[in-house]
Amino acid sequence: MSVPAGSSVSFGARLTTTYPLANGGRSYGSDDARRVLWCFDSSSAPAVETWAKMSTAEKATRVRFAPSPTGALHIGGARTALYNWLAARHDGGTMVLRIEDTDLERSTPENVAQILDALRWLDLDWDEGPISQVGRANDHAAALQKLLDSGAAYPDSATAEDVKAWKAEHGADRGYRGTPSGDGSGAIRLRVPDDGDTVVDDLIRGEVRFPNRSYDDFVIARNDGSVLYNFAVAVDDADMGITEVIRGDDHLSNTPKQLLVFEALGIKPPRYAHVPLLHGPDGKKLSKRHGAASVQELRDAGYLPEAIRNYIALLGWGPGDDETLLSTDDLVERFRPEDVGKSSAVFDEKKLRWMNGRYMREMPAWEYLEAVRSFVEAETGGRPLNEERFEFGCRIVQEKAQTLREVWPLIRFLFEPPVQDDKAWRKVMKGEAARVLTEVEALLIGIADSGEGPNHDGFAIEAVQSVLEPLPEKLDLGAGKVFQPIRVAITGTTISPGIFESVAALGREETLARIEVARSKLADQS
RNA sequence: GGCCCCGUGGUGUAACGGUUAGCACGCCAGGUUUUCAACCUGGAAGCGCGGGUUCGACUCCCGCCGGGGCUACCA
């Protein structure tokens, strides 16, 4: 699966937040609920399976990624999405995208759009959805009624204060136990047994036991019938036939509650794999503070989707050998949720940069060019650039740049006058610099105009190299003493592509003019 | 406070009862008679602490310490 280069750097999401169900997206809700499904252009959404018609035996791996749209997609969320995606693709399973938007306050259409955009940009597609959790209200209500009827759940008029008081009386390790209100008032709580443990058989952590008595008879729905997270998740995972729940560690302690809901519903729960959380460089939970933490920020910083996938896959998971550079196909082939490590990892942008550089070098020329283009346009405001020169410039820095964003600063001198960098000038333009530039000018003028080279003026890389390379020895100077003055003269700084390439790219006329300017400035200062 | 998870160099990981504790990023030095980058070579740097079990523990058990999560009529 690949995406045209053009779309890999633009967010052309045609997401709509309109309510009519626009495509054949599988609905898990009633007709009523259909009207509140999040819909998006189906052009990138694969055909949908008819899960309901399948027999149990046919129900292969079904995973889901269920972000809560309370902000941009985080690097940690992206990793969870990737792990789910890899697990699904690994054995031809199905990935469901579910939007946990029951938090009316924080869930916004903008946030949903942003998350979908990020997922699409990362090239992590889903087979079903996006499904709005809010849109499943009727199904939640039905499940709730079932529990009420069976007595597994009950209305309790206790307030938060009442619960607190109850716990103060019964001990801190004792979960609250309420009593049904006679009149049906109060929030709906699930009955939790006093004895025994609820054990989570986790793919990553093994069996984790939680004493039932430490859990409250927790609230699963408000009195108006609106359901709460731990209940909605369990009902949804059950209805959607999810076989493997791969999610963040922060949900481990909530899992027993969901298991209790499954039990009350009489449905076999899925398997769980709780992946460790990602931490920032300071060891704390990853947050916006820690630099480029969201997918969109990473994209804006010039990282490639495939590099990001490779990098985040390795945050907590390894292929078992010493391989570091793994293509997405490798990842799909080798990833298994049970191989994910148990300890939290720290996002290290330095390594991502290195890895991104490796991927940039591997990119086909046209793809690399198109990817760079949008970054350059952002810098230049879309001002037209000489295409031939642009392409040549990009080519000579492909080996050097580590992010798409770093390309422009390196080739900028080809389109603009040298930058003013006093520090670089002082460091280089001294001693033999004037003599060197005089010598260089003469040599460059001597290059015959064969019509070769990027500017068709004889300044081909080889031609430039053949006259400049012997110069240090000829002048009995170090290479740096000879080449740095040229670099500063034509670019203004000490950092640029290779010097022969730079001179060739700039061309005869402009190179000589800049050297001339530098020479006179040098003459003035002495 | 209660319940739970985690602990190999700065970072990500491998080894899982017996290895000189491997690999990658980063860092330092040198090389590539062109800076930066890339590339090559070399280097510094690690099993949180204390008890056990064992002929032998990074690997098993216990305690401690440290980090984290959950503990909402949030998700």
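The values are calculated or read from the model by the stated rules, or taken from the named source; none is laboratory data. No experiment lies behind these values; they were computed from the predicted model shown. As a convention, Cβ positions derive from the backbone with ideal geometry for all residues, glycine included, and neighbour counts pool all protein chains shown. Just so you know, the surface numbers come from the protein's heavy atoms only, side chains and all, with ligands and any DNA or RNA stripped out. Shrake-Rupley method; radii C 1.70, N 1.55, O 1.52, S 1.80 Å.
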If A:T493 passes every condition in (1) of a type in the set (S, T, Y); (2) within 22 Å of A:R389 (Cα to Cα); (3) assigned to a helix (DSSP H, G or I) but one, which one does it miss? (3)
So how many residues does the range A:370-404 have that are part of a helix (DSSP H, G or I), buried (at least 18 other Cβ atoms within 10 Å of the Cβ) and touching a Phe, Trp or Tyr at 6+ places or on another chain (Cβ under 9 Å)? 8
Picked from the range A:109-152 (must be aliphatic (A, V, I, L, M) and open to solvent by 50 Å² or more (accessible area, probe 1.4 Å)), the residue nearest to A:S185 (Cα to Cα) is A:L148
May I ask you to say which residue of A:P470, A:P497 is within 10 Å of RNA strand B (Cβ to nearest atom) and either open to solvent by 50 Å² or more (accessible area, probe 1.4 Å) or assigned by TED's automatic domain parsing to the domain that holds A:V407 (or both)? A:P470
Residues that are crowded, with 22+ Cβ neighbours inside 10 Å, modelled with pLDDT of 95 or more and within 7 Å of RNA strand B (Cβ to nearest atom): find the helices (runs of 4 or more DSSP H) completely inside the range A:291-346 holding 3 or more of those. none
Among the residues of the range A:114-125, are any farther than 17 Å from A:L228 by Cα, among the small types (G, A, S), in contact (Cβ under 8 Å) with a residue 60 or more places away in the chain and in a strand (DSSP E or B)? no
Evaluate the range A:177-185: report whether one residue or more is more than 9 Å from RNA strand B (Cβ to nearest atom), surrounded by fewer than 19 Cβ atoms within 10 Å (Cβ to Cβ) and on the phi > 0 side of the Ramachandran plot. yes
Going through the range A:453-492 in order, the residues found to be free of Cβ contacts under 8 Å to residues at least 24 places away in the same chain and either touching a helix residue (DSSP H, G or I) at 6+ places or on another chain (Cβ under 7 Å) or among the small types (G, A, S) (or both) are A:S466, A:P472, A:G478, A:A479, A:G480, A:F483
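Each row is one residue, and each column tells you yes or no for (1) among the β-branched types (V, I, T); (2) crowded, with 23+ Cβ neighbours inside 10 Å; (3) at pLDDT below 95; (4) touching a Leu at 6+ places or on another chain (Cβ under 9 Å).
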{"position": "A:R79", "(1), (2), (3), (4)": "no, yes, no, yes"}
{"position": "A:A88", "(1), (2), (3), (4)": "no, yes, no, no"}
{"position": "A:L104", "(1), (2), (3), (4)": "no, no, yes, no"}
{"position": "A:S107", "(1), (2), (3), (4)": "no, no, yes, no"}
{"position": "A:P155", "(1), (2), (3), (4)": "no, no, no, yes"}
{"position": "A:A165", "(1), (2), (3), (4)": "no, no, yes, no"}
{"position": "A:E169", "(1), (2), (3), (4)": "no, no, yes, no"}
Checking the structure you have, find out if any residue of the range A:513-526 is more than 16 Å from RNA strand B (Cβ to nearest atom), of a type in the set (S, T, Y) and either touching a Gly at 6+ places or on another chain (Cβ under 9 Å) or open to solvent by 10 Å² or more (accessible area, probe 1.4 Å) (or both). yes
Pair list, Cβ under 8 Å, 6 or more apart: the range A:394-409 residue under 15 Å from A:L304 (Cβ atoms) and hydroxyl-bearing (S, T, Y), other residue open to solvent by less than 10 Å² (accessible area, probe 1.4 Å) and in a loop (DSSP other than H, G, I, E, B): A:T403/A:G302; A:T403/A:Y303
The range A:298-321 residues that are without any contact (Cβ under 8 Å) to a residue 60 or more places away in the chain, paired with ones that are outside any helix (DSSP H, G or I) (beta carbon under 6 Å, 6 or more apart): A:N310/A:L326
Going through the range A:473-490 one residue at a time, which ones are in contact with a Pro (Cβ under 6 Å, 6 or more places away or on another chain) and open to solvent by 10 Å² or more (accessible area, probe 1.4 Å)? A:A479
Given the range A:203-272, what strands (runs of 3 or more DSSP E) lie entirely inside it while holding 2 or more residues that are more than 6 Å from RNA strand B (Cβ to nearest atom) and within 22 Å of A:L86 (Cβ to Cβ)? A:244-248
Of everything in the range A:347-369 that's under 24 Å from A:H279 (Cα atoms) and not in a helix (DSSP H, G or I), which residue is nearest to RNA strand B (Cβ to nearest atom)? A:D348
